[in-house]
1. Search the stretch 348-367 for residues that are free of Cβ contacts under 8 Å to residues at least 24 places away in the same chain and pair each with any residue that is of a type outside the set (Phe, Trp, Tyr) and loosely packed, with under 13 Cβ neighbours inside 10 Å when their beta-carbon atoms are under 6 Å apart and the residues are at least 6 apart or on different chains.
2. Just to be sure I understand, how many residues within the stretch 302-354 are polar (S, T, N, Q), exposed (fewer than 14 other Cβ atoms within 10 Å of the Cβ) and either assigned to a helix (DSSP H, G or I) or not assigned by TED's automatic domain parsing to the domain that holds residue 190 (or both)?
3. Within the stretch 370-382, does at least one residue satisfy the condition of being farther than 27 Å from residue 49 by Cα and in contact (Cβ under 8 Å) with a residue 60 or more places away in the chain?
4. Which is in contact (Cβ under 8 Å) with a residue 60 or more places away in the chain and surrounded by fewer than 21 Cβ atoms within 10 Å (Cβ to Cβ), of 105, 134, 72?
5. When you scan the stretch 323-382, how many residues do you find that are touching a strand residue (DSSP E or B) at 6+ places or on another chain (Cβ under 7 Å) and at positive phi?
6. How about the stretch 35-55: which of its residues are hydroxyl-bearing (Ser, Thr, Tyr) and crowded, with 19+ Cβ neighbours inside 10 Å?
7. Can you tell me which residue within the stretch 139-173, out of those that are surrounded by fewer than 13 Cβ atoms within 10 Å (Cβ to Cβ) and over 25 Å from the mean Cα position of the chain (by Cα), is nearest to residue 189 (Cα to Cα)?
Amino acid sequence: MVHVPSRGEVPVRLGPEVDPLIPPIGPSTLDREVYTDPTRFELERARVLGTHWLIAGRSEQIPEPGDWLTYEGHGETVVVTRQPDGDAAAFHNVCQHRGPAIVGESSGCGARRFTCPYHGWVYDTTGDLVGVPEREGFDPSHLDGLRAPSVAVDEWAGWIWINLAGPHRAPPLAEAIGPEITADLGRYRMEDMTLLEVLEWDVPVSYKAVVDGFNEIYHTHQLHGVSSEWVAAAQATSFHIVGDNSMCFVPRAEHLDALADDWDHHRYAICHYLVFPNTVFNCNPGHLQVFQPIPVDVDRTRFLCWELIYPDTGDDPDYATYLERTMAHWDVLKGVVGEDIGIYEQLARTIRSSGYTRNVLQARECKLALYHEQMDRKIRGS
């Protein structure tokens with residue numbers, strides 16, 4: 001049977017008795033430079049993107065030993081491989097001879113070794129250097145222990161996560177996600193879901209401008225044309241800050257009566273989870289999306305959207321109905337994302353205009369403001 005997420009033993013997150021876990025913050029402003037300053041972006045590359053856990057792909061994409069995929073973004077390229085013991089390994093996709101990428105393709109299967117196309121240096125599937133043509137011409141001390149630098153890697157909920165800080169410096173993934181999101185998001189059983197589609201856009205704005213769109217719902221009425229009933233229901237939205245991350249629960253207008261009976265947000269609300277700095281889970285009953293804005297440069301973003309559904313286990317006579325309903329909703333959501341993309345393109349036209357110097361935020365955009373405050377603390381090292 002298709003899994004139906006429910007709250008279970010997870011704490012109530014919505015309702016009049018719930019105190020949102022978010023510091024009080026009123027109307028505020030945000031300088032334009034957070035999106036445009038190249039010096040700031042380099043600090044983010046080093047102190048945020050280089051030290052936090054990022055999604056590299058789905059575990060199902062590399063099921064067998066020797067299968068591999070690559071992660072590309074913010075000046076980094078990483079190879080993730082499946083090992084014979086079932087674990088994953090990850091290393092910088094950089095030949096230690098003269099610097100080109102060892103692997104040129106985005107994914108593959110059954111690899112035993114990787115050979116740099118420039119001079120033929122050979123690496124095993126963990127990144128160890130195992131072959132050097134004309135080795136006798138090198139200083140042995142320069143080659144001793146040489147390898148493509150390791151990247152920390154772990155798996156949770158069917159996702160492969162990497163941390164560029166490396167295996168000995170990265171915090172545990174479970175600690176970074178935190179117990180609240182682990183329990184709440186875990187109710188969807190993403191490890192049992194299957195990847196239906198991955199969409200990708202090249203967006204001409206900062207990755208933080210994309211994240212901003214998931215940190216507030218103020219725009220939904222004007223941009224997405226949601227109903228007045230939806231807007232009214234959304235006034236009961238609950239925001240929660242948990243460590244570096246955040247959660248947001250938006251009541252679904254058509255289920256307000258049912259929601260008032262048992263406050264099961266998994267069944268009767270749209271559930272958002274942000275794993276800092278740029279991984280957004282958008283969960284609906286029956287399927288979910290993971291939005292991943294990966295910076296390419298200060299003003300360019302590789303924006304990925306992963307759509308997950310529950311597979312046909314063969315024991316659900318209503319699976320065809322579930323799939324039809326899910327696909328119809330997914331088509332609607334793709335249209336919604338297209339509207340977001342249109343706004344990013346409009347923002348790209350004005351981002352350097354002398355007429356645009358700051359954002360003016362209302363109180364319900366608090367989660368957006370707090371995200372940027374958190375980014376400031378990270379790049380200051382505080």
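1. Nothing qualifies.
2. Pass one, the stretch 302-354, residues polar (S, T, N, Q): 313, 321, 326, 346, 350, 353-354.
Adding the requirement that they be exposed (fewer than 14 other Cβ atoms within 10 Å of the Cβ) leaves 313, 321, 346, 350, 353-354.
Adding the requirement that they be either assigned to a helix (DSSP H, G or I) or not assigned by TED's automatic domain parsing to the domain that holds residue 190 (or both) leaves 321, 346, 350.
Residues flagged as polar (S, T, N, Q), exposed (fewer than 14 other Cβ atoms within 10 Å of the Cβ) and either assigned to a helix (DSSP H, G or I) or not assigned by TED's automatic domain parsing to the domain that holds residue 190 (or both) within the stretch 302-354 amount to 3.
3. To start, the set of residues in the stretch 370-382 that are farther than 27 Å from residue 49 by Cα comprises none.
No, there is no match, as no residue in the stretch 370-382 is farther than 27 Å from residue 49 by Cα and in contact (Cβ under 8 Å) with a residue 60 or more places away in the chain.
4. Numbers: 105 fails: in contact (Cβ under 8 Å) with a residue 60 or more places away in the chain; 134 fails: in contact (Cβ under 8 Å) with a residue 60 or more places away in the chain.
Every option except 72 fails the conditions.
5. The qualifying residues number 0.
6. Within the stretch 35-55, the subset hydroxyl-bearing (Ser, Thr, Tyr) is 35-36, 39, 51.
Result: 35, single match.
7. Among those residues, the one meeting the criterion is 145.
Residue-by-condition table, conditions (1) within 24 Å of residue 27 (Cα to Cα); (2) not aromatic (Phe, Trp, Tyr):
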{"residue": "303", "(1), (2)": "no, no"}
{"residue": "309", "(1), (2)": "no, yes"}
{"residue": "313", "(1), (2)": "no, yes"}
{"residue": "327", "(1), (2)": "no, yes"}
{"residue": "330", "(1), (2)": "no, no"}
{"residue": "341", "(1), (2)": "no, yes"}
{"residue": "346", "(1), (2)": "no, yes"}
{"residue": "371", "(1), (2)": "yes, no"}
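The values are calculated or read from the model by the stated rules, or taken from the named source; none is laboratory data. What you are looking at is a predicted structure, and each value in this text was computed from that prediction instead of being measured. Note that we place each Cβ from the backbone using ideal geometry, even for glycine, and neighbour counts take in every protein chain shown.
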